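Following: one structure in structure tokens, then a few remarks.
The values are calculated or read from the model by the stated rules, or taken from the named source; none is laboratory data. Remember, predicted model here, so these are calculated numbers, not experimental data. All Cβ positions, glycine included, derive from the backbone under ideal geometry; neighbour counts span all protein chains shown. All accessible areas refer to the heavy atoms of the entire protein, side chains included, with ligands and DNA or RNA removed. Shrake-Rupley method; radii C 1.70, N 1.55, O 1.52, S 1.80 Å.
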Amino acid sequence: MRKDRGNPVGGEQLGLRAALWQVPLTAVLELVHATQRTGLLRAEAELDGGTLPLEIQFVRGEVTAAAILDWQGLEALYSFPQATPAGWAEFWQAPAQPAPPLAPFQNLLAEWARLSDEWPRCCEQIRSPSQRFYGEAAPFNRPGGASARWVAAASGQPLHEVCTQLAALQQAGFIQPIQGSFEWDTLVVPACQDSQALRRSPVLRLLDGRKSLHRLLERGLSPDELRSELLSHLGSSAPFPGSGRALRDWLWEQGHAERDLLLT
């Protein structure tokens, strides 16, 4: 069900609202492009484990910015499922500063469609870009191993290309996942301010805005338990640096964990 987005701000005017189980997201984008509108498209996809938000900035019908929370750019856009059976989209007309397109519009849609097909297959193999691996192949032979996100940041390669390489290395037996070790464990999550949630969850009571999530895992929490609580508490509005990447990876991982449960 569509969430209440509240009153418009900054002179925004609602131009379009669509339920994604009735109207494909691509149709919404193509309409905004064809009519050369300027403004912000907000979408949410209902996925296994939680909600994934996306914002796309248009200037005269061209996509000039995209973000999942604080994760910005084409990689964030391409990680959002282009076709989703549940969710909603709204386009808000509003002035925006001129900016170059992220990519030619039809090329952007085509690449997004390709990666929307490839990402789920890749994450079935490697779980998520945050999963750490260890093996003979560099840089996975470093202490603590390496994740796709670490490799992409260190090498400058596109994240999806690194994930494809990891999937091939794992399939060939050169690297193996380090159980319970994820790149998001370096993040520091602010203390929970929801008194009801704190009474309900001993996990949330451990958040103090100073300790990394790795410290919480060292106290005996499992990654699955921690991830589930953070998804439930933070939802699609995680308020900390790195939240966009973490949310995207948590949802991939949660979907993987739920499929594993169905197979047991």
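Points worth noting:
- Residue selected from region 230-245 under the condition hydroxyl-bearing (Ser, Thr, Tyr) and at pLDDT below 80, by the criterion least open to solvent (accessible area, probe 1.4 Å): Ser236
- When the helices (runs of 4 or more DSSP H) confined to region 145-236 are screened for residues that are closer than 27 Å to Tyr78 by Cβ, those reaching at least 2 such residues are found at 148-155, 159-171, 223-234.
- For the residues Arg200, Arg248, Arg210, Arg215, the requirement of being outside the structural domain of Glu124 (by the TED database) and either hydroxyl-bearing (Ser, Thr, Tyr) or buried (at least 16 other Cβ atoms within 10 Å of the Cβ) (or both) singles out Arg248.
- On the stretch given as region 110-128, residues that are under 16 Å from Thr26 (Cβ atoms) and either in contact with an Asp or Glu (Cβ under 8 Å, 6 or more places away or on another chain) or among the basic types (Lys, Arg) (or both) total 1.
- Region 94-110: number of residues that are touching a Leu at 6+ places or on another chain (Cβ under 9 Å) and either surrounded by 19 or more Cβ atoms within 10 Å (Cβ to Cβ) or at pLDDT 95 or above (or both): 6
- Within the set Pro177, Pro101, Pro85, Pro139, the sole residue that is touching a strand residue (DSSP E or B) at 6+ places or on another chain (Cβ under 9 Å) and free of Cβ contacts under 8 Å to residues at least 24 places away in the same chain turns out to be Pro139.
- Leading residue by the ranking (farthest from Gly242 (Cα to Cα)) among those in region 148-176 that are out of contact with any Cys (no Cβ under 6 Å at 6 or more places or on another chain) and open to solvent by less than 30 Å² (accessible area, probe 1.4 Å): Ile175
- Scanning region 126-147 for residues being crowded, with 17+ Cβ neighbours inside 10 Å and in contact with a helix residue (DSSP H, G or I) (Cβ under 9 Å, 6 or more places away or on another chain) gives a total of 12.
- With respect to the stated conditions, Arg114 is of a type outside the set (Asp, Glu), surrounded by fewer than 17 Cβ atoms within 10 Å (Cβ to Cβ) and modelled with pLDDT of 95 or more.
- Checked against the criterion of being at pLDDT 95 or above, over 28 Å from Cys123 (Cβ atoms) and surrounded by fewer than 19 Cβ atoms within 10 Å (Cβ to Cβ), region 41-63 contains one or more residues that satisfy it.
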